[in-house]
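Just so it is clear, none of the values below were taken in a lab; they were calculated from the coordinates. Bear in mind the structure is a predicted one, so any value in this text is a computation, not a measurement. So basically every Cβ, Gly included, is an ideal-geometry build from the backbone, and we count neighbours across all protein chains shown.
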């Protein structure tokens with residue numbers, strides 16, 4: 001019985017795809033695993049390469065008519081997965097098939113829910129990309145408990161049922177990789193990290209841009225508001241209160257009463273706190289809906 005499915009989203013990677021896809025297909029055939037290829041509206045030769053594997057019994061080919069995004073492709077693959085576990089890998093040929101087996105051993109032996117393939121101390125990213133990754137990781141750690149180093153690793157192994165349950169919370173963009181890890185962590189699922197190796201990209205360039213980083217930051221904030229909104233609203237309320245006291249105290253000490261600015265600050269402080277309470281209640285309702293699905 002098949003227990004593992006390898007899911008590979010493909011978008012305009014024809015220069016890297018040929019040999020890598022053959023290697024992954026052979027690995028799945030040898031290990032008795034399934035392979036799901038999701039062509040996310042490729043406009044180069046990627047679709048033709050993917051088509052050559054569609055006749056294999058262990059391979060399922062899915063397509064988006066138009067490019068929907070990295071996260072959307074992974075959602076399509078996970079929804080089609082019928083095995084207990086699923087592992088996602090990138091189509092750029094930077095991963096090693098041997099690491100799939102390592103992650104599978106970890107998730108089954110530890111009865112884990114998610115195993116993140118950590119690229120820590122592997123190939124160095126560019127200065128700006130590395131700085132962006134550190135900023136996003138540190139932001140996430142300020143807002144929530146994050147014991148994982150490599151949030152946006154493309155190689156992750158999931159307990160399929162849980163991953164599919166969480167899909168409605170996840171974005172269609174590149175931020176999917178970061179956010180799904182945070183969702184597992186916040187739902188108190190067992191998340192482990194296992195070192196993997198990566199190869200240097202031979203052809204093409206990464207799809208990660210400044211826009212990707214901005215989208216990820218916004219999605220991190222959205223997830224925090226969903227799971228623990230007071231982490232955002234309470235500090236904002238306290239900052240507003242401190243600012244109000246600092247502004248209004250000199251007026252009071254001078255006997256000039258409470259200024260209009262102080263009244264506005266007090267109202268804003270209360271509004272932020274009350275918004276936090278409302279968001280907390282909505283968050284509880286949404287989390288209960290997810291658990292009951």
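If R0 is 45 Å, the Cβ-Cβ spacing of residue 190 and residue 264 corresponds to a FRET efficiency of close to 0.45. Summary of packing: across the peptides 5-16, 230-241, the per-residue average of other C-beta atoms within 10 Å ranks them, highest first, as 5-16, 230-241. Annotation: peptides 248-255, 185-192, ranked by per-residue average of other Cβ atoms within 10 Å with the highest first, follow the order 185-192, 248-255.
Over region 230-292, the pair-distance histogram of Cα-Cα distances with 10 Å bins from zero comes to 23, 35, 22, 13, 6, 2 percent, rounded to whole numbers.
Provide the packing ranking of 259-271, 59-71, i.e. peptides ordered by the mean count of other C-beta atoms within 10 Å per residue, highest first.
Numbers: 259-271: 14.8, 59-71: 17.4.
So the order, starting with the most tightly packed, is 59-71, 259-271.
What's the extension gain from residue 234 to residue 29 if we count 0.36 nm per residue and subtract their Cα-Cα distance?
Numbers: separation 205, 0.36 × 205 = 73.80 nm, distance 5.30 nm.
Going from the current span to full extension adds 68.5 nm.
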